[in-house]
Amino acid sequence: MDEMNDRELFRVRLLFLDLVKSFFVDEPDAEKMSRWRGTFSALTKEQVSPRFDNAVSEISKALNSKNLKDLQDEFYKLFTDPFDGCAIETTASYYLNGKSYSQALVDIRGLMDEAEIIKDMAISDPEDSLVVMLDTFASLVEEERVAGGEKVKELQGRLLSEFLEPFTEKFTAVLKENEHADFYYLCCRVLAGYLDLEKGLVVSVNVSKS
């Protein structure tokens, strides 16, 4: 990333945020699977960071060994099945506060208010859901691209360090232990590897500073 110019870097960041969001936004279809295969096949030829490169290698192998129904069945079992009663939670409140619709949701809404970001009303998921958090992060990256400023980078840093990173660590651990989560555990590893790269691009926030 360091060798890119600013314009290219913003483009790549937004593409990657859209890519990792695409894992979790809805059940995969043939077009999405084809996109994933092509993208990760190309990424295996690049060297970005050991953590990210390893995750890319593993998910590329999985995509070449699985078919679309495998991925659809896994997504349904993990995130949709209304009869199993064990659907995987995807909100920061659940992992950071122990229950949904709790303090993390309040705090993320406050961050979005500071950033003047309004959630799309067509999205039923709460603001602290993974998909909406990634949308919010992408909005902050786009704002940085257009207007710049330290404030927007500070908001990126807070969203990353206070919510996305700790959420992803716990979310990944849950999927690692789930017997049905084969492919989507690898998706979490890609997400974690990418967030690690983002950490080097945003302002660190001292949350304990008064």
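Charged neighbours of VAL146, selected by a Cβ distance under 14 Å, balance to +1 (K, R count +1; D, E count -1). Scattering from the range 86-210 was approximated by placing one identical point on each alpha carbon and applying the Debye formula without solvent; log10 I(q)/I(0) at 0.11, 0.13, 0.18, 0.21 1/Å stands at -0.38, -0.53, -1.00, -1.30. When you restrict to C-alpha pairs under 8 Å that are six or more residues apart and normalise by the size of the range 70-123, the relative contact order lands at 16 percent.
When the listed pairs LYS21/LYS170; LYS77/LYS99; LYS45/LYS69; LYS21/LYS99; LYS119/LYS170 are checked against a 19 Å cut-off, the alpha-carbon distance exceeds it for LYS77/LYS99; LYS45/LYS69; LYS21/LYS99; LYS119/LYS170.
Positive contributions from Lys and Arg (+1) and negative ones from Asp and Glu (-1), summed over other residues with Cβ under 13 Å from the Cβ of GLY38, come out at +3. The residues packed around LEU14, meaning those with a beta-carbon under 14 Å from its beta-carbon, carry a net charge of -3 if Lys and Arg are +1 and Asp and Glu are -1.
Expressed as a fraction of 2.2 N^0.38 Å, the C-alpha radius of gyration for the range 30-95 is 1.37. Would you mind finding the longest exposed-site-free stretch of the chain, with exposed chymotrypsin sites (Phe, Trp or Tyr not before Pro) meaning DSSP loop and at most 14 other Cβ atoms within 10 Å? In the chain, the maximal stretch lacking such sites is 102-210. Each Cα pair of the chain feeds into the Kirkwood radius, which the Stokes-Einstein equation turns, at 25 °C and 0.890 mPa s, into a diffusion coefficient of 137 µm²/s. Using alpha carbons only, the radius of gyration of the range 69-116 set against its Kirkwood radius gives Rg/Rh = 1.17. Distance between the pseudo-spin-label points of ASP113 and GLU154 (7 Å out from Cα toward the beta carbon): 1.7 nm.
Extending 7 Å from the Cα toward the beta-carbon at both ASP53 and ARG35 defines two label points whose distance is 2.7 nm.
Each label point was placed 7 Å from the Cα along the Cα-to-Cβ direction; for ASP26 and GLU177 their separation is 3.2 nm. Of all accessible surface on the range 69-175 at a 1.4 Å probe, what whole percent is carbon and sulfur? Whole-percent figure for carbon plus sulfur exposure: 49.
The values are calculated or read from the model by the stated rules, or taken from the named source; none is laboratory data. As the structure is a computational prediction, the values presented were derived from the model and not from experiment. For neighbour counting, all protein chains shown are included, and Cβ atoms are generated from backbone atoms with ideal geometry for every residue, glycine included. When the accessible area is computed, the model is the full protein with side chains, heavy atoms only, and any ligands, DNA or RNA have been set aside. Shrake-Rupley method; radii C 1.70, N 1.55, O 1.52, S 1.80 Å.
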